[in-house]
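Asks: Structure in structure tokens, see below.
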Amino acid sequence: MIKNYSKITCLVLGMLLFSCSSEDIIEETASTTPETSSNSSEISKNTGSRTPSTTLKTWNFSDINEWEDATQVGVPNYFIENGSLRMFTNANTWDRTKVKSVSTYSTGTYSWRVFVPEMGIGDCASIGAFLYADDTHELDFEIGYGKETIRQGLNATTDDLVVYATSQANPSHSFQSKIKRGQWYTFTIELALNNKKKYVATWKIDNQILTTRTLTYGTATKFKIFCSVENLSFIGDHIPATQNYALFDWVEFK
């Protein structure tokens, strides 16, 4: 009787051990199984990264909610056109057409998706994608035909426009480069902090770095985000002879 009981006990223990080891094998296999091809394809579409998006805010300009008018000269020359914000200035004026975000922001990445048209030859007209707190705390992209002296220094050809990457003060910094007219671009300003808690600003076009500058201030200064088309004397040789415009497809902060 005792022998039969021992046999039964051993049989039951053996079955339990086999059951546990089988579950362990199944769990390990599941954890190391490669992703399916459909998942791999989806990852590929997302530039190969599985990192969750850190976007805090995107404005697609289906409307201009969360923006306010900041026009300084002339009437507000802008409207929604096919899901983009179309901004313009008129010929023979010093129009300064602008909108700005209602909220303010500090460290992060700011991007503007902008169509840059041909623009009038020699016109003092500027497309602006910039951050502004006050006149001594301003970081800009400004795109226009450019003065002839600047164009010559950059060896600009007829299909080139001039782009300025600028810190207006604290410290003053200005970097000029060329871009082709009649194309879409993503303009980006990144604001990070160094070990002294000062902003480090980096200007990029289509993710290519143009210039970087350490600023003398930090997060106590917060910025509003601006989109603009302005007739400004520094970026051309004469008052605009044509209407100049830009399309802002979206703006993003992350």
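The values are calculated or read from the model by the stated rules, or taken from the named source; none is laboratory data. Computed from a prediction, not measured in an experiment: that's the story for all the values here. Heads up, the Cβs are rebuilt from the backbone with ideal geometry, glycines too, and the neighbour counts pull from every protein chain shown. Accessible surface is based on the protein model in full, side chains and every heavy atom, while ligands, DNA and RNA are left aside. Shrake-Rupley method; radii C 1.70, N 1.55, O 1.52, S 1.80 Å.
Asks: Quick check on segment 153-164. Is at least one of its residues touching a Phe, Trp or Tyr at 6+ places or on another chain (Cβ under 9 Å), surrounded by 16 or more Cβ atoms within 10 Å (Cβ to Cβ) and either among the polar types (S, T, N, Q) or within 25 Å of SER101 (Cβ to Cβ) (or both)?
Replies: There is at least one residue in segment 153-164 that is touching a Phe, Trp or Tyr at 6+ places or on another chain (Cβ under 9 Å), surrounded by 16 or more Cβ atoms within 10 Å (Cβ to Cβ) and either among the polar types (S, T, N, Q) or within 25 Å of SER101 (Cβ to Cβ) (or both).
Asks: For segment 243-254, check the following and say yes or no: at least one residue is under 28 Å from LYS57 (Cβ atoms), touching a strand residue (DSSP E or B) at 6+ places or on another chain (Cβ under 8 Å), of a type in the set (Lys, Arg) and touching a residue at least 60 places away in the same chain (Cβ under 8 Å).
Replies: Yes.
Asks: Can you tell me which residue within segment 165-182, out of those that are touching a strand residue (DSSP E or B) at 6+ places or on another chain (Cβ under 6 Å) and under 11 Å from VAL116 (Cβ atoms), is most open to solvent (accessible area, probe 1.4 Å)? First the steps, then the outcome.
Replies: Restricting attention to segment 165-182, the residues satisfying the condition of being touching a strand residue (DSSP E or B) at 6+ places or on another chain (Cβ under 6 Å) are 165-168, 173-179, 181.
Cutting the leftovers down to under 11 Å from VAL116 (Cβ atoms) gives us 179, 181.
Numbers: ILE179: 13, ARG181: 60 Å².
Taking the candidates together, the pick is ARG181.
Asks: What strands (runs of 3 or more DSSP E), lying completely within segment 158-208, carry at least 1 residues that are closer than 24 Å to THR58 by Cα and under 20 Å from the mean Cα position of the chain (by Cα)? Step through it out loud before you land on a result.
Replies: Details: elements: 160-167, 173-180, 183-193, 199-205.
In segment 158-208, the matching strands (runs of 3 or more DSSP E) lie at 160-167, 183-193, 199-205.
Asks: Based on this model, can you work out whether TRP203 counts as in contact with a Leu (Cβ under 9 Å, 6 or more places away or on another chain), of a type in the set (Phe, Trp, Tyr) and open to solvent by 30 Å² or more (accessible area, probe 1.4 Å)?
Replies: Values: in contact with a Leu (Cβ under 9 Å, 6 or more places away or on another chain): yes; of a type in the set (Phe, Trp, Tyr): yes; open to solvent by 30 Å² or more (accessible area, probe 1.4 Å): no.
No: the conditions fail for TRP203.
Asks: Test PHE61 against the stated conditions and say whether it is closer than 30 Å to ARG151 by Cβ, in contact (Cβ under 8 Å) with a residue 60 or more places away in the chain and among the hydrophobic types (A, V, I, L, M, F, W, C). It would help to see each step written out before you state the result.
Replies: Working: closer than 30 Å to ARG151 by Cβ: no; in contact (Cβ under 8 Å) with a residue 60 or more places away in the chain: yes; among the hydrophobic types (A, V, I, L, M, F, W, C): yes.
When the stated conditions are applied, PHE61 does not pass them.
Asks: Could you tell me whether any residue of segment 214-222 is surrounded by 17 or more Cβ atoms within 10 Å (Cβ to Cβ) and either under 15 Å from TYR164 (Cβ atoms) or touching a Leu at 6+ places or on another chain (Cβ under 7 Å) (or both)?
Replies: No: segment 214-222 contains no residue that is surrounded by 17 or more Cβ atoms within 10 Å (Cβ to Cβ) and either under 15 Å from TYR164 (Cβ atoms) or touching a Leu at 6+ places or on another chain (Cβ under 7 Å) (or both).
Asks: Say whether the condition of being in a loop (DSSP other than H, G, I, E, B) and either open to solvent by less than 70 Å² (accessible area, probe 1.4 Å) or under 21 Å from PHE115 (Cα atoms) (or both) is met by at least one residue in segment 225-233.
Replies: Applying the first criterion (in a loop (DSSP other than H, G, I, E, B)) to segment 225-233 yields 231-232.
Imposing the further condition that a residue be either open to solvent by less than 70 Å² (accessible area, probe 1.4 Å) or under 21 Å from PHE115 (Cα atoms) (or both) reduces the set to 231-232.
Looking through segment 225-233, at least one residue is in a loop (DSSP other than H, G, I, E, B) and either open to solvent by less than 70 Å² (accessible area, probe 1.4 Å) or under 21 Å from PHE115 (Cα atoms) (or both).
Asks: For segment 53-72, name all the residues that are β-branched (Val, Ile, Thr) and more than 15 Å from CYS227 (Cα to Cα). Spell out how you get there, then give the answer.
Replies: Of segment 53-72, the ones β-branched (Val, Ile, Thr) are 54-55, 58, 64, 71.
Answer for segment 53-72, where residues must be β-branched (Val, Ile, Thr) and more than 15 Å from CYS227 (Cα to Cα): THR54, THR55.
Asks: Within segment 97-146, which strands (runs of 3 or more DSSP E) (wholly inside it) include 1 or more residues that are touching a strand residue (DSSP E or B) at 6+ places or on another chain (Cβ under 8 Å) and acidic (Asp, Glu)?
Replies: It comes to 137-144.
Asks: If I filter segment 234-252 down to residues being within 18 Å of the chain's Cα centre (by Cα) and surrounded by fewer than 18 Cβ atoms within 10 Å (Cβ to Cβ), which single residue comes out as nearest to LYS100 (Cα to Cα)?
Replies: Within segment 234-252, the subset within 18 Å of the chain's Cα centre (by Cα) is 246-252.
Going one step further and asking which of them are surrounded by fewer than 18 Cβ atoms within 10 Å (Cβ to Cβ), we end up with 249-250.
Numbers: ASP249: 15, TRP250: 13 Å.
Checking each candidate, the answer is TRP250.
Asks: Return yes or no: is SER228 in contact with a Gly (Cβ under 6 Å, 6 or more places away or on another chain), under 21 Å from CYS124 (Cβ atoms) and modelled with pLDDT of 95 or more?
Replies: So SER228 passes the test.
Asks: Confirm whether ILE80 is within 21 Å of PRO117 (Cβ to Cβ) and either exposed (fewer than 15 other Cβ atoms within 10 Å of the Cβ) or among the hydroxyl-bearing types (Ser, Thr, Tyr) (or both). Steps first, answer last, please.
Replies: Working: within 21 Å of PRO117 (Cβ to Cβ): yes; either exposed (fewer than 15 other Cβ atoms within 10 Å of the Cβ) or among the hydroxyl-bearing types (Ser, Thr, Tyr) (or both): yes.
Yes; evaluated as a whole, the condition is true for this residue.
Asks: Continuing with this model, one more query. If you take the residues of segment 123-151 that are farther than 16 Å from GLN183 by Cα and touching a Pro at 6+ places or on another chain (Cβ under 9 Å), which of them is surrounded by the most Cβ atoms within 10 Å (Cβ to Cβ)?
Replies: Checked segment 123-151; the qualifying residue surrounded by the most Cβ atoms within 10 Å (Cβ to Cβ) is ALA125.
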